[in-house]
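Taken together, the values in this text are just the output of simple stated rules run on the coordinates, not laboratory data. No experiment lies behind these values; they were computed from the predicted model shown. Using ideal geometry, Cβ is built from the backbone for each residue, glycine included, and neighbour counts are taken over all protein chains shown.
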Amino acid sequence: MIDFETPKPIEQLNNVVETVAVNMMRPVSREMDEKEHAIPWDFINFMHTAVKSMGGTSMTPDSDKSKKDGEEKHPPIGYQRLAHMVEMLAWGDAGMYLCIPGGMLGSAAVAASGTPEQKKRFLSRFMGEKPVFDAMAMTEPQAGSDTSAIRSSAVLDEATNEWVLNGEKIFVTAGQKALIESDGFVVVWATIDPAAGRGGMRSFVVEAGTPGCKVTKQEHKLGIRASDTVSIVFQDCRIPFENILGSPTVEKSTKGFKGAMATFDATRPIIASQAVGIARATVELIKEELAKNGVEIRYGLPRQKLTSLERDVIDMEVMLRSAWLLTLKSLWMADNKIHNPKEASMAKVYAGDIVVKITQKAVELLGPLGYTRELLLEKWFRDAKITDLYEGTGQINRMVVARNMLGYRGSQLR
Amino acid sequence: MYSFKPSEEQQMLIDAIKRYAMDDLRAAAREAEEEGHLPADLVEKGWELGYLQASTPEAYDGFGERSAVTGALALEELAYGDLAGAMAVMTPALFATPILLAGSEAQKKAYIPPVIEMEWKPFTAALMEQKFDFDPNDLTTTATIEGDTIVINGEKSYVPYAADAEAMLVYANLNGATQAVIVPKETTGVAIGERQKLLGLNALPFYTVSFQNVHIPLENRLGGTEGHDFAQIVAASNVALAAMAIGVSSAALDYAIEYAKDRDVFGVKVAQKQAIAFMIAEMGTTIEAIRLLVWEAAWMIDEGKPDSSKQAYLALSGAMDAVMMVTDRAVQILGGHGYIREHPVEMWMRNGRGFAAFNGLAIV
Ligand SMILES: Cc1cc2nc3c(=O)[nH]c(=O)nc-3n(C[C@H](O)[C@H](O)[C@H](O)COP(=O)(O)OP(=O)(O)OC[C@H]3O[C@@H](n4cnc5c(N)ncnc54)[C@H](O)[C@@H]3O)c2cc1C
């Protein structure tokens, strides 16, 4: 039965998260943006306590903790709940959202493909006294979209039963906080057999303080400046054998790699949720500014009678709402274990597009006011663009959508 | 609780309509467009699928309840086959559904059963007028109350099947508000004009109709002497048109995909070119996104949510842009062949543009 009613538990949580966004994020949003590499500790400590008191790493999608006996009759809503939280936090501040401890792509990877042993070893740290961070390192200077081109290597030293990592990773979100500011970890992608292509790619957990692992650079960015983006160099970096996620043997198949891709089915719509959060903030601000100036949007009129301004705002509302519904649908599918790679990428493509259009149009519409740093609008314009870039650029996700629609393999459309 | 899955019953309806839409409507669409005529048995077959009957309560001789969501699903499928055929099959709803939504009990009892009991008959409605900035809430056609009669004056256009109409709902401006009046067959002062020639939808007979001092008993005012709320009729119509726009879009997309996977260029299939594949990805993504907006608007109508009118307006706004974008690209993907009338995409492109003009030509 088609239904658009927000589930009660989500609505309640949403109210709580909104309070956080309004009181803990918006007031410092501008300051954190201007200070670029400063870390929003007040917010982080608050979130750490809050998340802990809620019973754990609620920022990690598939925490199967939520499945208690007797809850069977309710369909699962874990991802849908997460989408709402992320949307609201990104509405608060997209950069600060990325600073929330224990909820990034590293722990998602461990949760998705770690053994029970590994989950315990690596994920329990998020429940400690102090906030702990995680990160995921795939991208390299010569390998971005084309992940098969990564060169970082992992070689097993049989004498010590350790993996020896060498290589350079760039653009690692929260790498600084994971490796320097806390006892966190980075999930690093490397090849155990350069000749095997994607079949040789594996992910490894590298913990903070491991010798041979060094943060070498912090990027200066267009937006999401509260979030650190770093380069990491691995030089004969030794980690225990048990830190490999998934099978240690080279297989013909690309199962390991496909495992990494499968997490995209959840993470891409989560990026879409960020995009929608920024877009909603923007549309709300535009409507408020217009209302303050006595401009009312006359819904229901034929287009020929609308002002250009009204048409723009109406278009924004159409884009915003449809993007959100597309995002929700892709995660509703994930919750209900319906295969969703097409819908996940559709959500990412569409939301990444519309948030860029909406923020750019909004700065235009507010003229001199839109361009100043008095409002957060110009910041959202800068923040928005990242959602069309990371977790697969708009182009890469269009390719995923097209392949799925056309029934093509990677070799047929690249 | 969110859910994006039609109920089993809805799915059965969708499947039945899809078969009819493809085997009958689509199969006949090109000839109907060129000849300017839809065969009566084709329309009758669609009518017998019983969608309108199933959304009319038993009290008025139907066998179900109205659901805008089910309506949106049904109309999308019908329009997927052929827009003109879909609108023809659903023309009697333009008369019956507003009565169901806003009519007085007596009007429902009197006017709905004859529509749904029988075979398809041209019951219709007259809303649109020939001017560039036509606005359903600011009509030129007037209604004035004189004692216990209503007097209608004005000129309507895009009235489907007006020439043979059994009865029609006529919308007019009554002291600034749009109100509908039930106008029986052969009423004095009603003159059917020429059949209209349009950019698309040539299979469907549209007429101009003029009203000159047409006197109608006041009790024929929709809702009774006190009238009715026009907004809910607009919302139901906007959702219906939006759903149909999605159906047309979806038809064009599927046709383009099939063609692009078959046709060779430069040693590969057309679809293997990123410039084409990315267009296809965007077409599919937009359709999926706007379809959800349409569903949500329909759901809000069913749930009686306060913002349903606005949402329906947004849905149609999104859908009219989507259908133009998608049908244009479908022609582009077929290249020069898309411009030839052997393929349906040029027709869909013409029909697609119509959603910018259509007002009240469908209803859920
Ligand atoms: C702020 C930020 C945070 C990030 N965080 C992380 C992180 O935590 N972990 C991590 O591993 N990475 C991270 N990234 C990296 C990000 O995922 C990559 O930048 C992205 O995947 C694109 O890679 P690239 O920059 O090398 O661009 P390239 O791959 O060089 O692409 C350049 C252009 O070519 C296009 N292109 C590439 N291939 C194709 C193709 N086959 N067809 C058509 N067009 C194509 C792209 O869309 C793009 O427009 C982050 C990046 C940024 C900016």
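What does the net charge come to around A:N397 if you take all other residues with beta carbon closer than 13 Å to its beta carbon, with K and R at +1 and D and E at -1? Kindly include the intermediate steps, with their values, before the conclusion.
Values: positive: A:R268, A:K342, A:K348, A:R398, A:R403; negative: A:D265, A:E343, A:D353, A:D388, A:E391, B:E282.
Taking every Cβ under 13 Å from that of A:N397, the sum is -1.
For A:K35, list the lysines whose Cα falls under 21 Å from its own Cα; do not include residues on the same chain fewer than 8 positions away.
Cα-Cα hits under 21 Å: A:K177, A:K217, A:K221, A:K379, A:K385.
Take A:Q412, project a point 7 Å from its Cα along the Cβ direction, then tell me which residues of region B:307-328 have their backbone nitrogen under 18 Å from it.
The answer is none, because no backbone nitrogen lies closer than 18 Å to the label point.
Given Cβ point charges of +1 (Lys, Arg) and -1 (Asp, Glu) and nothing else, what value in debye, to the nearest 20, does the dipole of region B:124-220 about its Cα centre take? Before the final figure, lay out each step's value.
On the way: 5 positive and 12 negative charges, 64 e Å.
Dipole magnitude for region B:124-220 comes out near 300 debye.
Tell me, in nm to one decimal, what length is gained between B:K273 and B:K197 on full extension, where the rule is 0.36 nm per residue of separation less the Cα-Cα distance? Numbers along the way, then the final one.
Numbers: separation 76, 0.36 × 76 = 27.36 nm, distance 3.90 nm.
Residue separation times 0.36 nm, minus the Cα-Cα distance, leaves 23.5 nm.
In whole Hz, what ³J(HN,Hα) sequence does region A:194-201 give by Karplus (6.51, -1.76, 1.60; θ = phi - 60°), x for Gly and Pro?
In residue order, the calculated couplings are x, 6, 8, x, 5, x, x, 7 Hz.
Choose one of B:M244, A:P40, B:L218: the residue whose Cα lies farthest towards the positive end of the charge dipole of the protein assembly as shown (beta-carbon charges +1 Lys, Arg; -1 Asp, Glu; about the Cα centre).
Positive-most Cα among the choices belongs to A:P40.
Largest first and in whole Å, what are the equivalent-ellipsoid semi-axes of the protein assembly as shown based on the Cα gyration tensor, each being the root of 5 times an eigenvalue? Before the final figure, lay out each step's value.
Working: eigenvalues 608, 157, 103 Å².
Taking √(5λ) for each eigenvalue gives 55, 28, 23 Å, largest first.
Report the charge-dipole magnitude of the protein assembly as shown in Debye, nearest 20, computed about the Cα centre from +1 at each Lys and Arg Cβ and -1 at each Asp and Glu Cβ. Let's see the in-between values first.
Working: 78 positive and 101 negative charges, 478 e Å.
In debye, rounded to 20, the protein assembly as shown gives about 2300.
Per DSSP H run of at least 4 residues, take -39500 (n - 2.57); add these up for the protein assembly as shown, divide by its residues and hand me the 222 nm value, nearest 500 deg cm²/dmol. Please list the in-between numbers first.
Details: 24 runs with 374 residues, N = 778.
So the helix-based figure for the protein assembly as shown works out to -16000 deg cm²/dmol.
Enumerate lysine pairs in region B:117-268 that are 8 or more residues apart or on different chains, then count those whose Cα atoms are under 20 Å apart. Walk me through the intermediate numbers first.
Working: B:K121/B:K185; B:K131/B:K156; B:K131/B:K197; B:K156/B:K185; B:K156/B:K197.
Summing the qualifying lysine pairs gives 5.
Averaged across the residues of B:4-12, what count of C-beta atoms belonging to other chains lies within 10 Å of each residue's C-beta?
Values: counts 13, 7, 2, 2, 1, 1, 2, 0, 0.
Mean shielding count: 3.
Pulled fully out, how much extra length does the chain show between A:E158 and A:R26, if you take 0.36 nm times their separation in residues and subtract their Cα-Cα distance? Write down the numbers at each step before the final one.
Working: separation 132, 0.36 × 132 = 47.52 nm, distance 5.22 nm.
Additional length available on full extension: 42.3 nm.
For B:M12, B:M347, A:M333, which order do you get if you count the other beta carbons within 10 Å of each Cβ and list the fewest first? Before the final figure, lay out each step's value.
Values: B:M12 11, B:M347 24, A:M333 21.
Fewest-to-most ranking of B:M12, B:M347, A:M333: B:M12, A:M333, B:M347.
Let me check I have the definition right: for chain A, take the eigenvalues of the Cα gyration tensor, multiply each by 5, take square roots. What are those semi-axes in whole Å, largest first?
Values: eigenvalues 265, 109, 96 Å².
Here the semi-axes work out to 36, 23, 22 Å.
With a ≥ b ≥ c taken as the square roots of the eigenvalues of the C-alpha gyration tensor of region A:92-243, please select rounded if a/c is under 1.5 and otherwise prolate if a/b is larger than b/c or oblate if it is not? Walk me through the intermediate numbers first.
Values: a/c = 1.73, a/b = 1.24, b/c = 1.39.
The shape class here is oblate.
Cα centroid distance between region B:250-290 and region B:130-194, in Å?
When both Cα centres are located, 44 Å separates them.
Please give the per residue volume of the convex hull enclosing the alpha carbon atoms of chain B, rounded to a whole number of Å³. If you can, show how the numbers build up before the last one.
Values: hull volume 47.7 nm³, N = 364.
Value for chain B: 131 Å³ per residue.
Going by average Cβ neighbours within 10 Å, how do the peptides A:311-317, B:3-9, A:222-228 rank, with the highest at the top? Provide the component values of the computation, followed by the final result.
Values: A:311-317: 20.0, B:3-9: 14.7, A:222-228: 22.9.
Answer by packing, highest mean first, reads A:222-228, A:311-317, B:3-9.
Within a 10 angstrom radius of the beta carbon, how do A:L406, A:L165, B:L199, A:L369 rank from fewest other beta carbons to most?
Details: A:L406 21, A:L165 24, B:L199 11, A:L369 14.
Going from sparsest to densest Cβ surroundings: B:L199, A:L369, A:L406, A:L165.
May I ask you to order A:171-181, B:224-234, A:340-350 by the average number of other C-beta atoms within 10 Å around their residues, highest value first?
Details: A:171-181: 24.2, B:224-234: 17.4, A:340-350: 28.2.
Answer by packing, highest mean first, reads A:340-350, A:171-181, B:224-234.
What are the radius of gyration and Dmax of region B:261-319, computed over its Cα atoms and given in Å?
17.7, 56
In what order do A:C213, A:C237 fall by count of nearby beta-carbon atoms within 10 Å, going from fewest to most? Let's see the in-between values first.
Working: A:C213 21, A:C237 24.
Fewest-to-most Cβ neighbours within 10 Å comes out as A:C213, A:C237.
Provide a whole-number value for the mean count of partner chain Cβ atoms within 10 Å of the Cβ atoms in peptide A:396-403. Please list the in-between numbers first.
Details: counts 0, 2, 8, 4, 1, 9, 14, 2.
The shielding value for this peptide is 5.
Taking the mean number of other Cβ atoms within 10 Å as a proxy for protection, how do you rank B:251-257, B:283-289 from highest to lowest? Don't jump to the answer; show the numbers that get you there.
Details: B:251-257: 23.3, B:283-289: 25.1.
In descending order of packing, they fall as B:283-289, B:251-257.
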